[in-house]
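The values are calculated or read from the model by the stated rules, or taken from the named source; none is laboratory data. Source: prediction; values computed, not measured. As a convention, Cβ positions derive from the backbone with ideal geometry for all residues, glycine included, and neighbour counts pool all protein chains shown. For the accessible areas, the whole protein counts, side chains as well, though only heavy atoms, and no ligand, DNA or RNA atoms are used. Shrake-Rupley method; radii C 1.70, N 1.55, O 1.52, S 1.80 Å.
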Amino acid sequence: MANFSLEGKIALVTGASYGIGLAIASGFAKAGATVVFNDINQDLVNKGLAAYEAEGIKAHGYVCDVTNEDQVNAVIAQIEKEVGVIDILVNNAGIIKRIPMHEMKAAEFRQVIDIDLNGPFIMAKAVLPSMMKQNSGKIINICSMMSELGRETVSAYAAAKGGLKMLTRNIASEYGEYNIQCNGLGPGYIATPQTAPLREPQADGSRHPFDQFIIAKTPAARWGNPEDLVGPAVFLASEASNFVNGHVLYVDGGILAYIGKQP
Ligand code: NAP
Ligand code: GCO
């Protein structure tokens, strides 16, 4: 029987004070992993520690900006000293800026690329040496529908998430011989703070047009919730997926398969 357990494993989930990262890290803890997470400031780390504690999870939290290579290398060394070698890395931290491309400043474009693509590169580079030394490791990159599709106002985010899909494939290609598997997890439209602006009810109490659009585009006729991602993430983090490499597992309720319900 395939081994879905994470007992004895140390998992680092980036940007996991709330949202998708918190759900995945909590699921890892319930599967037996020791959970480590980072976020951009101490307030968020404290918020995350409280959230994990409320679930009975003793998590380890660190302040770290995934775009700052010196900070990342220092925190990885501190984690290895205080907790142990990281067996599972989930590159979850990310931002989006919804701006029409012709109005977007280059600095805004660069910021999204920096956090959503350079950050995962820096984090993966920092954990690879120890994974190579122990001849095992799991790297899971949180991709997106925008790893496959475009839409208005998300040019930087789509470029980053498309690049993250190819970074995933390249890490899989370059480090598979060390028994390191690198896969993507591609959420559909998930109800988190990041998508809250797309779901805000209208002044007349009707659903946001984008909310209605996603319902029509999703065979399940609902938004996903962070808990929908936990089972697929545990699978990709566990030995059950040791021969799955360079794959992006979409958890989208069927959006990518569906032309959409006729209005
Ligand atoms: P979220 O609610 O905005 O949470 C993102 C987390 O990352 C926040 O805690 C954020 O901190 C943190 N973060 C941002 N920049 C960081 C940095 N430089 N260093 C460290 N942490 C940083 O997002 P989410 O909806 O949970 O999404 C999590 C991941 O899933 C993202 O990569 C997102 O692109 C992806 N995703 C989301 C959806 C969706 O529908 N929600 C779908 C597909 C993919 P702050 O609070 O300071 O921003
Ligand atoms: C948007 C949304 C999406 C989701 C997600 C879809 O503005 O279209 O924020 O980008 O966050 O990435 O998979």
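Quick look at the values:
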{"read-out": "Residue ID - farthest from residue 86 (Cα to Cα), chosen from residues in the stretch 34-50 that are touching a Ser or Thr at 6+ places or on another chain (Cβ under 9 Å) and either basic (Lys, Arg) or open to solvent by less than 30 Å² (accessible area, probe 1.4 Å) (or both)", "value": "47"}
{"read-out": "Any hit, the stretch 164-186, residues being open to solvent by 50 Å² or more (accessible area, probe 1.4 Å) and modelled with pLDDT under 95", "value": "no"}
{"read-out": "Only listed residue being within 26 Å of residue 196 (Cβ to Cβ), open to solvent by 20 Å² or more (accessible area, probe 1.4 Å) and part of a helix (DSSP H, G or I), chosen from 80, 108", "value": "108"}
{"read-out": "Residue in the stretch 55-75 that is in a loop (DSSP other than H, G, I, E, B), among the basic types (Lys, Arg) and either open to solvent by 30 Å² or more (accessible area, probe 1.4 Å) or more than 28 Å from residue 239 (Cβ to Cβ) (or both) present", "value": "yes"}
{"read-out": "Count of residues meeting criterion [crowded, with 19+ Cβ neighbours inside 10 Å and more than 12 Å from ligand 2 (Cβ to nearest atom)] in the stretch 128-162", "value": "7"}
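Yes/no per residue for (1) among the hydrophobic types (A, V, I, L, M, F, W, C); (2) on the phi < 0 side of the Ramachandran plot; (3) open to solvent by less than 30 Å² (accessible area, probe 1.4 Å):
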site: 202; (1), (2), (3): no, yes, no
site: 216; (1), (2), (3): yes, yes, no
site: 226; (1), (2), (3): no, yes, yes
site: 231; (1), (2), (3): no, yes, no
site: 247; (1), (2), (3): no, yes, no
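Rundown of residues vs (1) more than 16 Å from ligand 2 (Cβ to nearest atom); (2) touching a Phe, Trp or Tyr at 6+ places or on another chain (Cβ under 8 Å), yes/no style:
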position: 11; (1), (2): yes, yes
position: 16; (1), (2): yes, yes
position: 20; (1), (2): no, no
position: 35; (1), (2): yes, yes
position: 42; (1), (2): yes, no
position: 50; (1), (2): yes, no
position: 53; (1), (2): yes, no
